[in-house]
There are 2 protein chains.
Amino acid sequence: MKLYTCTGAPSPERVTAYLRHKGIAIDTVEVDLRAGAHFSDDFRRLNPYCTVPVLQLEDGSCLWMTGAIRMYLEALYPEIPLLGTDDRQRAEVAMWQNWVEFNGLYAVMNAYRNAAPGLADRALPGAHKTVQISALAERECQRYQCFLDDLNQRLDGAEYVAGDDFSVADIDARVSIDFATRAIKIQPAAEHTRLQRWYKRLGQQRAFS
Amino acid sequence: MKLYTCTGAPSPERVTAYLRHKGIAIDTVEVDLRAGAHFSDDFRRLNPYCTVPVLQLEDGSCLWMTGAIRMYLEALYPEIPLLGTDDRQRAEVAMWQNWVEFNGLYAVMNAYRNAAPGLADRALPGAHKTVQISALAERECQRYQCFLDDLNQRLDGAEYVAGDDFSVADIDARVSIDFATRAIKIQPAAEHTRLQRWYKRLGQQRAFS
């Protein structure tokens, strides 16, 4: 297997943090997004939609969505489960992961990609050009602030995002927060006390240490 | 179990089409979105994020994301599988379902919600108010057109969206297309011949008959 990734980009990090946590070593290939390597003919043969991460399997076929990649890896490497341990828990993790992705990760992504000078016609990931909308960048910054408030609220009584156990929902929330700190200069506030404690706890997890 | 739903809204339909296909009967409660019933205190106790569908389990706890609801139902009712039948297939279905959701469903949702007169401060689903951006409505219409082109391309050689078998990826694509036809008046074009054939094939599936 081979993982096509890009250090520093959020969705690849959602997979590499997952791999670190489980202690899985996979050959990686660095894709130079800044140089547009994901739009090359070679890369399009792996993923016609021109996004990373991509997991190439032994038979040459590829998985190119973060959630699908982690689902496949979880089946291959069930130890240290990060997608839940029974049917109810698996659904709970899927629910919170999806909530984080929609409200947190996409908010930061839209806020960043609709304003970054280097992404003038790339306001969305993928093969198609998309113009930036500055009003959207602003609106998504506000939306991300709501996400931080909601996440802080959620962590009232819950040790981790999906409940008692560390999971991919925590990985995606932490990656979103670190990306927002770098890319749109918004950090959790001092008043987000539960979120701050959770963030510190994550630093002790192998995914982020 | 009890399903809180709203007839005609796309995400509830992603679950009800799934249930129809598998022949599962669940008690349903109609939530009047037009009257704002999803913002009531009673509904917030089920789902603080004020979205449908919500699946309430026997113990009173709730799942409130479409993907999580179907994942849980699939574990309870494995017959007529719609999420794949082995680890590789499950990942493939998850990948294409996520692709449809991000590029198709969200495009229609944004195009509609950023322009509909009745949703002036509800440009995104959820508990928080979000202002409409008309430039975004336009951009998302174009994005949806790209999705139709890409879906037509994808169906070159693939019987269904995720490959040989009918799955939730087809359900979500069909629901997106029907929603777009009604809500933003964009339909697949005559040139989308493979998509048109696939759409007709779906009419023979129990989910849509």
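Read-outs throughout are calculated quantities, based only on the coordinates presented, and are distinct from any laboratory measurement. Everything quoted here is computed from the prediction, not taken from an experiment. For neighbour counting, all protein chains shown are included, and Cβ atoms are generated from backbone atoms with ideal geometry for every residue, glycine included.
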Partner aspartates and glutamates for B:K22 [C-alpha distance under 17 Å; skip if fewer than 8 residues away on the same chain]: B:E13, B:E74, B:E79, B:D165, B:D170, B:D172
Within chain A, percent of DSSP bridges classed antiparallel, to nearest 5: 55
Once each part is reduced to its C-alpha centroid, what is the distance from region A:97-127 to region A:1-78 in angstrom? 18
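What's the average, rounded to a whole number, of partner chain beta-carbon atoms within 10 Å of each residue's beta-carbon in A:72-79?
Numbers: counts 7, 2, 2, 5, 1, 0, 0, 0.
Per residue, the number of nearby Cβ atoms from other chains is 2 on average.
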Label point 7 Å beyond Cα along the C-beta direction, distances from B:S134 to other copies (nm, shortest first): 1.9
Using a 10 Å cut-off around each Cβ of peptide B:94-107, what is the average number of partner chain Cβ atoms that fall inside? 4
For A:K185, which lysines qualify as cross-link partners when the Cα separation must be under 22 Å and same-chain residues fewer than eight apart are set aside? A:K200
Note down the nm distance, to one decimal, between modelled labels 7 Å out along Cα→Cβ at A:D86 and at B:E58. 1.2
Label distances, nm, A:D41 versus same residue in remaining copies, Cβ-directed 7 Å point: 6.6
Taking the convex hull of Cα positions in region A:1-83, its mean projected area over all directions (nm²): 5.1
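Evaluate chain B: find the radius of gyration of its Cα atoms, find its Kirkwood radius, and give the ratio Rg to Rh.
On the way: Rg = 17.1 Å, Rh = 17.7 Å.
Using only Cα positions, Rg/Rh for chain B is 0.96.
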Averaged over all directions, how much area does the convex hull of the C-alpha atoms of the protein assembly as shown cover when projected, in nm²? 19.1
Looking only at aspartates and glutamates whose Cα falls under 16 Å of A:K129's and that sit 8 or more positions away or on another chain, we get A:D121, B:E138, B:E140, B:D149, B:D150
Which order do A:T66, A:T51 fall in if you start with the one that has the fewest other Cβ atoms within 10 Å? A:T51, A:T66
For A:Q196, place a label point 7 Å out from Cα along the Cα→Cβ vector, do the same in each other copy, and report the separations in nm, one decimal, smallest first. 6.2
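Provide Rg over Rh for region B:87-208; use the alpha carbon set for both Rg and the Kirkwood Rh (inverse mean inverse pair distance). Provide the component values of the computation, followed by the final result.
Details: Rg = 15.0 Å, Rh = 15.0 Å.
Taking Rh as the inverse mean 1/r over Cα pairs, Rg/Rh reads 1.00.
Looking at region B:123-187, which trypsin sites (Lys or Arg not before Pro) are DSSP coil and have at most 13 other C-beta atoms within 10 Å of their C-beta? Write down the numbers at each step before the final one.
Details: sites: B:K129, B:R139, B:R143, B:R154, B:R174, B:R182, B:K185; in loops: B:K129, B:K185.
Answer in residue order: B:K129, B:K185.
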For the pair A:A75 and A:E159, how long in nm is the line joining their label points, each one 7 Å along Cα→Cβ? 3.0
For chain B, what is the calculated [θ] at 222 nm in deg cm²/dmol (nearest 500), taking -39500 (n - 2.57) for each run of four or more DSSP H residues and dividing by its residue count? -15000 deg cm²/dmol
